[in-house]
Ligand code: AMP
Ligand code: ZN
């Protein structure tokens with residue numbers, strides 16, 4: 001979609017530090033990390049939010065979780081990571097191309113379940 005920053009990343013129009021490039025899914029480092037490791041995993045296809053997924057998206061959504069597991073292992077954070085999704089502006093979504101935040105690598109158990117993605121940035 002025109003004017004979507006993550007579509008531009010998929011098309012290579014914005015220089016990006018990719019950690020994974022697949023058929024339907026890519027992953028890259030967040031420019032404003034909220035954790036020692038902060039990766040964004042996105043479908044290549046433009047889907048605006050988790051509220052707007054369709055039955056046909058189920059394989060892509062499944063692949064995102066498989067990627068999260070593989071990337072966590074590859075980056076050595078598979079003993080401490082979270083996969084977070086904000087859906088809707090009031091839930092903290094700021095980029096309206098579906099993305100999963102893979103955050104992790106903490107050395108201490110300091111993260112609370114009720115924290116939302118933006119709240120972890122402090
Ligand atoms: P959210 O607030 O859940 O929609 O998350 C959007 C995320 O995208 C934020 O963590 C931003 O730091 C990140 N972000 C925005 N633009 C870029 C970019 N060009 N490259 C990498 N991450 C980005
Ligand atoms: Zn997009």
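With a 10 Å cut-off between alpha carbons and a GNM built on the chain, which of 53, 26, 103 moves the most?
Result: 53 has the largest fluctuation of those listed.
Compute the Cα gyration tensor for the range 1-84, then decide on rounded, prolate or oblate, letting a ≥ b ≥ c be the square roots of its eigenvalues: rounded whenever a/c is under 1.5, prolate when a/b is larger than b/c in the other cases, and oblate in all that remain.
Details: a/c = 1.79, a/b = 1.23, b/c = 1.46.
The shape class here is oblate.
Defining a contact as two alpha carbons under 8 Å apart and six or more residues distant in sequence, what relative contact order in percent does the chain show?
Reported as a whole number, the value is 29 percent.
Which residue fluctuates most in the GNM of the chain (Cα springs below 10 Å): 89, 13, 108?
Of the options given, 108 has the highest mean-square fluctuation.
Quick one: among 74, 21, 90, which has the greatest mean-square fluctuation in a GNM of the chain with alpha-carbon springs under 10 angstrom?
Among 74, 21, 90, the largest GNM mean-square fluctuation belongs to 90.
Kindly state, to the nearest 0.05, the FRET efficiency for residue 95 paired with residue 54, given R0 = 22 Å and r defined as their beta-carbon distance. Write out the running numbers ahead of the final one.
Numbers: r = 20 Å, r/R0 = 0.90.
E between residue 95 and residue 54, to the nearest 0.05, is 0.65.
Any idea what angle helix 58-74 forms with the longest principal axis of the chain, computed on alpha-carbon atoms, 0 to 90 degrees, nearest 10?
40 degrees
Per DSSP H run of n ≥ 4, the term is -39500 (n - 2.57); total these for the chain, divide by its residue number, and report the mean residue ellipticity at 222 nm rounded to 500 deg cm²/dmol.
When only DSSP H runs of four or more count, the value is -6000 deg cm²/dmol.
No value in this document is a laboratory result; all are computed from the given coordinates. What you are looking at is a predicted structure, and each value in this text was computed from that prediction instead of being measured. Positions of Cβ are backbone-derived with ideal geometry, glycine not excepted, and every protein chain shown enters the neighbour counts.
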